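Only the coordinates and a few stated rules stand behind these numbers; no lab work does. All values reported here derive from a predicted model rather than from experimental measurement. Positions of Cβ are backbone-derived with ideal geometry, glycine not excepted, and every protein chain shown enters the neighbour counts.
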Ligand SMILES: [Ca+2]
Ligand SMILES: [Ca+2]
């Protein structure tokens, strides 16, 4: 049986060789790079999640803002699809199709007030009549009892989220 003396096995002074030290430095570097990359990815995911949450919030504001409004104008009925004369701002809107084709930038809240803190976002609204038997089928204005409201949220011009819902003309 061959017996190594300690100094034979690990070198005369013990400790690490230059190669071992370099290897350790490289390993630490690789680990740090991986950690920094992971943190960067996490930050991006968090940012995207925040934008999506904001978009959902802005969709809800339009949904609630329009929830109490009738499908057609209370004064002029189906005479006009869109904003009636004298309805200059969102505060004047009194039926669903008043919102058709409107872009709110900065976005507005449930009371129609501009949300300047979210000015990078905008709300685009499309209002369409859809077939009573097929809500995917868009029909001509005021020709059915069902209205589809679509709100798209844009962040710096790029769509973040979109939602549609159906309202019945009562
Ligand atoms: Ca109106
Ligand atoms: Ca209208």
Checking 24, 132, 114 against a Gaussian network model of the chain (alpha-carbon springs below 10 Å), the top fluctuating residue turns out to be 24
When only C-alpha pairs under 8 Å and at least 6 residues apart count, what is the relative contact order of segment 59-108, in percent? 42 percent
Semi-axes, largest first, in whole Å: what does sqrt of 5 times each Cα gyration tensor eigenvalue give for the chain? 66, 17, 10
Highest mean first, how do 77-85, 39-47, 122-130 rank when packing is the count of other Cβ atoms within 10 Å averaged over residues? 122-130, 77-85, 39-47
If a/c stays under 1.5 just call it rounded; otherwise compare a/b with b/c (prolate if a/b is bigger, oblate if not). Do that for segment 71-149, with a ≥ b ≥ c from the square roots of the Cα gyration tensor eigenvalues. oblate
Between residue 164 and residue 44, what FRET efficiency comes out of the Förster formula 1/(1 + (r/R0)^6) with R0 = 25 Å and r the beta carbon distance, rounded to 0.05? 0.30
What FRET efficiency would be calculated for the residue pair residue 134, residue 89, taking the C-beta separation as r and a Förster radius of 35 Å, to the nearest 0.05? 0.50
Against the longest alpha carbon principal axis of the chain, how many degrees, from 0 to 90 and to the nearest 10, is the axis of helix 18-67 turned? 10 degrees
Can you sort 22, 52, 58, 155 by how many other beta carbons sit within 10 Å, fewest first? 22, 52, 155, 58
Which value in deg cm²/dmol, rounded to the nearest 500, describes the helix-derived mean residue ellipticity at 222 nm for the chain, given -39,500 (n - 2.57) per DSSP H run of n ≥ 4 and division by the residue count? -11500 deg cm²/dmol
